[in-house]
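Worksheet: the structure to be examined is printed underneath.
The values are calculated or read from the model by the stated rules, or taken from the named source; none is laboratory data. Please read all numbers here as calculations on a predicted model, not as lab measurements. With ideal geometry, Cβ positions are generated from the backbone for all residues, glycine too; neighbour counts draw on all protein chains shown. The accessibility values were calculated without ligands, DNA or RNA, using every heavy atom of the protein model including side chains. Shrake-Rupley method; radii C 1.70, N 1.55, O 1.52, S 1.80 Å.
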Amino acid sequence: MKNATRAFLLLVCISFAYLGCTPEETPVTEVQAPTPTQTVPPTIESFSPQSAFAGEQVTINGTGFGQLPIGIQVFFGDVEAQVVSASSTKIVVIVPEGAEEEKIQVKAEGGQAFTGEAFTVFDFDMYVVGSQLGVGSRIWKNNILQEAMIDFSSNSFLTGIQIVENDIYVLGTNNNQIGVWKNQEPLPIEYGTPINTFSSDFFFENGEMTIAGNTGNRGLLWRGNEGEPLIPFFNAGDNSIVNSLTKNNGITLVAGRNKGKAVVWEDNKLFSLPNKEGYDDSNAQDIVITNNFNEIIVGTVSSSIAIPEEPAIWINRELNILPFPNDFIDMKITAVAADDNENYYVVGHGFRNGSYKACIWKNGVFSVLSDAGVSSSFAFDVTVFRDDVFVAGRIGSPAVVWINGEPAYLSTGQANAIAITEK
């Protein structure tokens, strides 16, 4: 009983003690209203490429383009561009039609910014032809692939293009047969006996076209006037290859190879080109006539005991070996072009560090077009337009055109030939 009484009294004391306690006051935190995000004026740090065709994409890098750059605007001069994508630091736009050489302007929430330099919009048309393995021929206009311009087979490739006034002539091989297309329509060719023919070059002058090609181990030429079938008129004979042709004062010049030697045919008459002392093999790959009627032929020389080929140039049929670094081997020469000032440009590719590297020589001075790591690069054609040098080829799998040494990437494939014309 005593224990029950004590327990009751203890319970009462605890209750009074609890009721007399003052609970600790909880501090009140004042909630601050969120401050609106402050906008900062945009800045443009860089843009690339520095020049392009209308319809191509340009990337603009900078800051202050906005946290949610929905309403961002980009202008090339006074012409507004279509925005493909935008973030606070990068904008991708399409060069608009009608744009000229002007600075790029970005309008964002925080203000506007201009590029320090003007952007150049190309005012010419560039056509590139080539091929893609397993797909067939490819034609690009102003770096954009042209779909279904010609009904090519998957077993086709294009090797040449010329623009005469407003007409576009394309040379290629379709289903193992040479073909020429004028404005997408095939021109008639009488093949004669050859069944499998492969194109190499063509030349168009004063309404007459000449085509160079090869079948088996023989080089052949076809010729015809505008509107008439192209017919065989020259057979280089057995163990011959015709690679390139041009005309000089009405004389047809064909560069190639005959029985292991670099040669030139002048209206079907054969002339051998000099070889390097001690060498027993050579090949003339391309030929051009300058404004001062200098004849420039490029190709390779080699020896049966020295496997790597060396790059050669014959100027008015005098041989010179083009210089190249010691760590390059197996140099392949593909094309030559000359400008109005008698400068000449030779392109090709050489093997170094496990892959091929596209190369160019200007007046004999060597430089590498692309040294893209393990990816091989190749240069197949060169032309000069308004003192700018254009080289067609590929880096890895994409086709590419180097413009004054800067690559412009096309779609997958290989660029074999290039032609440029005024718009």
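Data for the structure
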quantity: Matching option when the condition is buried (at least 19 other Cβ atoms within 10 Å of the Cβ), in contact with a Ser or Thr (Cβ under 7 Å, 6 or more places away or on another chain), of a type in the set (S, T, N, Q) and in contact (Cβ under 8 Å) with a residue 60 or more places away in the chain, among S156, S131, S137; calculated: S131
quantity: Number of positions in region 386-407 that are farther than 21 Å from T159 by Cβ and assigned to a strand (DSSP E or B); calculated: 4
quantity: Flag for S282 being closer than 22 Å to F351 by Cα and modelled with pLDDT under 95; calculated: no
quantity: Residue count for region 145-159, restricted to those that are at pLDDT 90 or above and under 22 Å from F53 (Cβ atoms); calculated: 2
quantity: Residue under evaluation V164, criteria (1) more than 16 Å from the chain's Cα centre (by Cα); (2) farther than 30 Å from E101 by Cβ; (3) open to solvent by 30 Å² or more (accessible area, probe 1.4 Å), criterion not met; calculated: (2)
quantity: When residues of region 62-94 are limited to those that are of a type in the set (S, T, N, Q) and outside any strand (DSSP E or B), the one surrounded by the fewest Cβ atoms within 10 Å (Cβ to Cβ); calculated: Q67
quantity: Single residue of G299, G350 found to be touching a residue at least 12 places away in the same chain (Cβ under 8 Å), surrounded by 15 or more Cβ atoms within 10 Å (Cβ to Cβ) and within 14 Å of D286 (Cα to Cα); calculated: G299
quantity: Residue list for region 290-330, restricted to those being aliphatic (A, V, I, L, M), modelled with pLDDT of 95 or more and assigned to a strand (DSSP E or B); calculated: I296, I297, V298, V301, A312, I313, I315, L319, I321
quantity: Among the residues listed as Q132, Q67, the single one being at pLDDT below 95 and more than 27 Å from V170 (Cα to Cα); calculated: Q67
quantity: Residue that is farthest from N217 (Cα to Cα), among those in region 184-201 that are outside any loop (DSSP other than H, G, I, E, B) and not acidic (D, E); calculated: P186
quantity: Exclusive hit being open to solvent by 50 Å² or more (accessible area, probe 1.4 Å), more than 28 Å from I321 (Cβ to Cβ) and touching a Phe, Trp or Tyr at 6+ places or on another chain (Cβ under 7 Å), set E406, E422; calculated: E422
quantity: Hits in region 257-272 - residues which are of a type outside the set (G, A, S), buried (at least 21 other Cβ atoms within 10 Å of the Cβ) and farther than 19 Å from F233 by Cβ; calculated: R257
quantity: Members of region 353-369 found to be open to solvent by less than 10 Å² (accessible area, probe 1.4 Å) and touching a residue at least 24 places away in the same chain (Cβ under 8 Å), listed by number; calculated: K357, A358, C359, W361
quantity: Every residue from region 230-245 that is open to solvent by 30 Å² or more (accessible area, probe 1.4 Å) and either free of Cβ contacts under 8 Å to residues at least 40 places away in the same chain or polar (S, T, N, Q) (or both); calculated: F233, N235, D238, N239
quantity: Scope region 184-229; condition touching a Ser or Thr at 6+ places or on another chain (Cβ under 8 Å), at pLDDT 90 or above, over 20 Å from I161 (Cβ atoms) and open to solvent by 50 Å² or more (accessible area, probe 1.4 Å); matching residues; calculated: R218
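To keep it simple, each residue is scored yes or no on (1) touching a His at 6+ places or on another chain (Cβ under 8 Å); (2) without any contact (Cβ under 8 Å) to a residue 60 or more places away in the chain; (3) closer than 22 Å to N320 by Cα; (4) assigned to a strand (DSSP E or B).
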{"site": "G213", "(1), (2), (3), (4)": "no, yes, no, yes"}
{"site": "L221", "(1), (2), (3), (4)": "no, yes, no, yes"}
{"site": "G224", "(1), (2), (3), (4)": "no, yes, no, yes"}
{"site": "E228", "(1), (2), (3), (4)": "no, yes, no, no"}
{"site": "K247", "(1), (2), (3), (4)": "no, yes, no, yes"}
{"site": "L253", "(1), (2), (3), (4)": "no, yes, yes, yes"}
{"site": "K276", "(1), (2), (3), (4)": "no, yes, yes, no"}
{"site": "Q285", "(1), (2), (3), (4)": "no, yes, yes, yes"}
